[in-house]
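*Asks:* Pasting a structure here, questions to come.
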Amino acid sequence: MTIKVVRGNPTPEELAAALAVVRARAAAAAAQPSGAPAIPDAWSDPSRIAARRVPAPGPASWSRTYWPGG
C-alpha cells in the first residue's frame, strides 16, 4: 500500500494518526468473512414496518396511514 500526501505539510504525528486509521479500517475489512452478509441496523430494516398490518379503510383511516400500530 502506498500513501502519498498531495497537499499540505502534515507533521509526523498527523501522518502517523492518518496511517493508523487507514490500517485499522483495512484490518477490520479483512477480518470480516467475505461470505457473511452484513447485518443491517434494526431501525433501518424495512421489514419491521412492512410486517405490520395495513390499516383498514374507513372514516378515520387517514389518521392511521403514517404511524402504523398504536
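*Asks:* Subtract the Cα-Cα distance of Val22 and Val6 from 0.36 nm times their separation in residues, and report this length gain in nm to one decimal.
*Replies:* Numbers: separation 16, 0.36 × 16 = 5.76 nm, distance 1.64 nm.
Length gained between Val22 and Val6: 4.1 nm.
*Asks:* Sort 18-27, 2-11 for me by packing, meaning the mean count of neighbouring Cβ atoms within 10 Å per residue, highest on top.
*Replies:* Values: 18-27: 10.8, 2-11: 6.6.
Top to bottom by mean Cβ count within 10 Å: 18-27, 2-11.
All of the numbers you see were taken from the coordinates with simple rules; none came from a lab. No experiment lies behind these values; they were computed from the predicted model shown. Note: ideal-geometry Cβ built from the backbone for every residue, glycine included; neighbour counts use all protein chains shown.
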